[in-house]
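Asker: Here it is, the structure in full.
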Amino acid sequence: MGLTGLEIFKLLPKTNCKKCGMPTCLAFAMQLAQKRTSLDKCPDVSEEARQLLAAAAAPPMRLVEFGSGGGSVRVGQETVLFRHEEKFHNPTVVGVTVSDKLSGDSLKARIAAIEALDFERVGTHIKVNAVAVMNDSGSAQAFAAAGDAVKNSTSKALILCSDSADALAAALDKTADVRPLIGTASAENFEAMASVAKSNKCPLIVKAESVEALSELSEKVQELGIEDIVLSLDGLAMRERFYSLTKVRALALKKVFKPLGYPVVSFVCGEEAEQVGCAATLICKYSNIVVLATAAPEALLGLLTVVMNIYTDPQKPVQVESKVYPVGEPDESAPLMFTTNFSLTYYTVESDVEASRVATHILVVDTEGTSVLTAYSGDKLNEKVVSDAMAKNNVDSIVKHRKLIIPGYVAVMSGKLEEATGWEVMVGPRESAMLPKYLREVWQ
Ligand code: SF4
């Protein structure tokens, strides 16, 4: 159990100096007890107190990293059960399996299919970031060869899965340098698996079929010197797995129960639709790594979008930079329009302008990441905000005409905007889907 807020408070300087950003030491202590801040934010805490508080300051869920270079991934270190309480920190790693029964061209084709799972959504690349090599063949040699082939064909983080410690050791002879996540340790083989993990400095998957058995096993593996553990309850039916993972998360975060204070991995199999449904549920509650058997783009795009949405900070709208964006190759006679810096708004407008094939300048106005109507009703979008953005971005040196297209939803501001800027205001359509028709037929 961690320390309570009052116990932490007794160890703080009690000067209420506010350097940590909190109004009082007590407020800081309460935040620290709930794992919502870190001890290093108080510069005046004594070394003695720092050591005593180390346990309280440690995250309730360990951060585990695997993979190497640009393909390395971080999972865990979550601090809340619900996203709205703060935010989730390290996005779920989505992986796809490769069977070691594949070889030659079929193995290459499978790896290429996984590499292609890279999509652009609202200006961000979302992609599968792990490949799990499965020892389906039962052969250590085939497993090592498949692991080696995957390592040499992709920079994605590697996961190696076998029930045999010998097969894992053979695969690690060729792949330990990229620090794969390895598994799977069970009650039957955990000593041999822990030994392989320790000698290769790799994180280890520990699997059991109940929360109680999982905590006992993780404690035993920990006692063998393994610090980087990833938990698995894959033997359970989906419904039970869902409830059990919720229990694991609650025990780790609310009770600071150390044997369960690790990230979780889930493998899903079955029909493609079943995999997608299970994976989406497990991304929401509470798998830090989800591995699918399918590499179908239509299955992965939706899941990666789920991850992207859940791991955005709910207190910070997703924004694009406020500046002028060219769509196509607009010149000084091309139309100029403005929209807000809420990502979804901007990228919707951008893709509709692109569809028009009319090269256009889009001025993005900073409305603190809110959409057009929300910004207008909150007075974050008015004639002054727009005219300031126009001046700051020197739009009069970008276009020679003096016409500005504004979103149809804020037609009401056109008069004041004309007065503030001296430009002719053209009222665009309310829905951006109508922009192609507008740009082709109305703009001139
Ligand atoms: Fe107290 Fe330290 Fe925060 Fe100052 S910085 S208010 S001493 S906890």
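Asker: So what does log10 I(q)/I(0) come out to for region 1-142 at q = 0.09, 0.10, 0.21 Å⁻¹, using the Debye formula with one equal point on every Cα and no solvent?
Answerer: Relative scattering, expressed as log10 I(q)/I(0), comes to -0.49, -0.57, -1.24.
Asker: Pulled fully out, how much extra length does the chain show between Glu216 and Arg357, if you take 0.36 nm times their separation in residues and subtract their Cα-Cα distance?
Answerer: Value of the extension gain: 44.5 nm.
Asker: Quick check: pseudo-label points 7 Å beyond the Cα along Cα→Cβ at Ala112 and Leu344, how many nm apart are they?
Answerer: Here the modelled spin labels are 3.7 nm apart.
Asker: Could you work out the Rg to Rh ratio of the chain, with Rh taken as the Kirkwood radius (inverse of the mean 1/r over all Cα pairs)? Intermediate values should be presented prior to the final figure.
Answerer: Working: Rg = 26.8 Å, Rh = 25.0 Å.
For the chain, the value is 1.07.
Asker: Kindly give the semi-axes, whole Å and largest first, of the ellipsoid equivalent to region 121-251, taking each as the square root of 5 times a Cα gyration tensor eigenvalue. Let's see the in-between values first.
Answerer: Values: eigenvalues 118, 87, 37 Å².
Over the Cα atoms of region 121-251, the semi-axes work out to 24, 21, 14 Å.
Asker: What part of the accessible area of the chain, given as a whole %, is carbon or sulfur when the probe is 1.4 angstrom? Spell out each step's value before the answer.
Answerer: Values: 10540 of 20600 Å².
Result for the chain: 51 percent of the exposed heavy-atom area is carbon or sulfur.
Asker: Please pull out the direction-averaged projected area of region 172-232, using the convex hull of its alpha-carbon atoms, in nm² to one decimal place. Can you show the working numbers first?
Answerer: Numbers: hull surface 14.5 nm².
The number I arrive at for region 172-232 is 3.6 nm².
Asker: Quick one: Karplus J couplings for region 434-443, per residue in order, coefficients 6.51, -1.76, 1.60, θ = phi - 60°, nearest Hz, x for Gly and Pro?
Answerer: Result, ordered by residue: 8, 4, x, 5, 4, 5, 6, 10, 9, 5 Hz.
Asker: Here's another thing I want to ask about it. Taking only protein heavy atoms into account and a 1.4 Å probe, give the accessible area per residue of the chain in Å².
Answerer: The answer is 46 Å² per residue.
Asker: Measure off 7 Å from each Cα along the Cα-to-Cβ vector at Ala411 and Cys284, then give the distance between these two points in nanometres to one decimal.
Answerer: Going by the 7 Å Cα→Cβ label model, 4.0 nm.
Asker: Here's something else I'd like to know. Kindly state, to the nearest 0.05, the FRET efficiency for Asp388 paired with Lys255, given R0 = 56 Å and r defined as their beta-carbon distance.
Answerer: On the way: r = 51 Å, r/R0 = 0.91.
Efficiency, rounded to the nearest 0.05: 0.65.
Asker: Another question about this same structure. At q = 0.20, 0.26, 0.27 Å⁻¹, what is the log10 ratio I(q)/I(0) for region 77-158, with the Debye formula run over Cα points and no solvent?
Answerer: Computed log10 I(q)/I(0) values: -0.87, -1.20, -1.26.
Asker: Hey, what angle do you get for helix 140-153 against the long axis of the chain, alpha-carbon based, 0 to 90 degrees rounded to 10?
Answerer: 20 degrees
Asker: Once both labels are modelled 7 Å past Cα along the beta-carbon direction, what's the Ser139-Ile310 spacing in nm?
Answerer: Modelled inter-label distance: 3.8 nm.
Asker: When the Cα centres of region 128-145 and region 53-102 are compared, how far apart do they sit, in Å?
Answerer: So the separation of the two Cα centres works out to 22 Å.
Asker: With the cut-off at 28 Å, report for region 301-444 the share of all Cα pairs above it, as a whole percent.
Answerer: Working: 1607 of 10296 pairs.
I get 16 percent for the Cα pairs in region 301-444 exceeding 28 Å.
Asker: Just for the chain, what percent of DSSP beta bridges are antiparallel, to the closest 5? Kindly include the intermediate steps, with their values, before the conclusion.
Answerer: Values: 13 of 51 bridges.
Close to 25 percent.
Asker: If I fit a long axis through the Cα atoms of helix 47-57 and take the longest principal axis of the Cα atoms of the chain, what angle between them do I get, 0 to 90°, rounded to 10?
Answerer: It works out to around 90 degrees.
Asker: Which shape class, rounded, prolate or oblate, goes with region 63-311 when its Cα gyration tensor gives a ≥ b ≥ c as root eigenvalues, a/c under 1.5 marks rounded, and past that a/b bigger than b/c marks prolate?
Answerer: On the way: a/c = 1.59, a/b = 1.06, b/c = 1.49.
In terms of gyration-tensor shape, oblate.
Asker: Can I ask one more? Under the rule of at least 5 residues apart or a separate chain, name every residue whose amide H is placed under 5 Å from the amide H of Val318.
Answerer: Under 5 Å from the amide H of Val318 lie the amide H atoms of Ser343, each far enough along the sequence or on another chain.
Asker: What residue among Val196, Thr421, Gly138 has its Cα farthest toward the positive end of the dipole of the chain, where the charges are +1 on Lys, Arg and -1 on Asp, Glu, each on the Cβ?
Answerer: Sorting the options by dipole projection puts first Thr421.
Asker: Distance between the C-alpha centers of region 381-401 and region 237-287? Whole Å please.
Answerer: Measuring centre to centre over Cα atoms gives 50 Å.
Asker: In whole Hz and in residue order, list the ³J(HN,Hα) couplings for region 369-381 that follow from phi through the Karplus curve 6.51 cos²θ - 1.76 cosθ + 1.60, θ = phi - 60°; x for Gly and Pro.
Answerer: x, 10, 6, 4, 5, 4, 5, 5, 5, x, 6, 8, 10
Asker: For region 5-57, state what percent of all Cα-Cα pairs lands in each successive 10 Å bin, counting from 0 Å until the bin that includes the largest distance.
Answerer: Taking all Cα pairs of region 5-57, the binned fractions are 29, 66, 5 percent.
Asker: Could you list the residues of region 147-165 with an amide nitrogen less than 15 Å from a label point located 7 Å from the Cα of Asp177 in the Cα-to-C-beta direction?
Answerer: Label zone hits: 148-155.
Asker: Can you compute the charge dipole magnitude of the chain about its Cα centre, using +1 on each Lys and Arg Cβ and -1 on each Asp and Glu Cβ, nothing else charged? Give it in debye, rounded to the nearest 20. Numbers along the way, then the final one.
Answerer: Details: 46 positive and 54 negative charges, 215 e Å.
So the dipole magnitude of the chain works out to roughly 1040 debye.
Asker: Tell me which residues come under 5 Å, amide H to amide H, from Ala132 once H is placed; ignore anything under 5 positions away on its chain.
Answerer: The list, which skips near neighbours in sequence, is Val96, Thr97, Val98, Ile159.
Asker: So how much slack lies between Glu332 and Met434, counting 0.36 nm per residue of separation and subtracting their Cα-Cα distance, in nm? If you can, show how the numbers build up before the last one.
Answerer: Numbers: separation 102, 0.36 × 102 = 36.72 nm, distance 2.34 nm.
Full-extension gain reported as 34.4 nm.
Asker: Turning to a different aspect of this structure: Taking the Cα atoms only, what angle lies between the long axis of helix 238-254 and the longest principal axis of the chain, rounded to 10 degrees?
Answerer: Result, in degrees: 90.
Asker: Here is a further query. So between Leu26 and Leu52, what do we pick up on full extension, going 0.36 nm a residue minus the alpha carbon distance? All intermediate terms of the calculation are to be shown ahead of the outcome.
Answerer: Numbers: separation 26, 0.36 × 26 = 9.36 nm, distance 1.70 nm.
Net length gain for the segment: 7.7 nm.
Asker: Place a point 7 Å from Cα of Arg402 in the direction of its Cβ. Which residues in region 347-385 have their backbone N less than 20 Å from it?
Answerer: Inside the label zone: 361, 363, 383-385.
Asker: Turning to a different aspect of this structure: Using the Karplus curve 6.51 cos²θ - 1.76 cosθ + 1.60 with θ = phi - 60°, work out ³J(HN,Hα) for each residue of region 219-227 in order, rounded to whole Hz, and write x for Gly and Pro.
Answerer: 5, 5, 5, 4, 5, 7, x, 8, 9
Asker: Enumerate the amide H contacts of Ser266 below 5 Å, restricted to partners 5 or more residues apart or on another chain; note that Pro and chain-start residues carry no placed amide H.
Answerer: Amide H to amide H, under 5 Å and 5 or more residues apart or across chains, Ser266 pairs with Ile289, Val290, Val291.
Asker: A further question on this structure: Report the normalised scattering of region 191-272 as log10 I(q)/I(0) at q = 0.14, 0.15, 0.18, 0.27 Å⁻¹, calculated by the Debye formula with identical scatterers on the alpha carbons.
Answerer: The calculated log intensity ratios at q = 0.14, 0.15, 0.18, 0.27 Å⁻¹ are -0.46, -0.52, -0.73, -1.32.
The values are calculated or read from the model by the stated rules, or taken from the named source; none is laboratory data. Nothing here was measured: the structure is a model prediction, and the numbers come from that model. When we count neighbours, we look across all protein chains shown, and the Cβ atoms used for this are built from the backbone with ideal geometry, even at glycine. Each accessible area value is taken on the protein alone, full model and side chains, heavy atoms only, with ligands, DNA and RNA left out. Shrake-Rupley method; radii C 1.70, N 1.55, O 1.52, S 1.80 Å.
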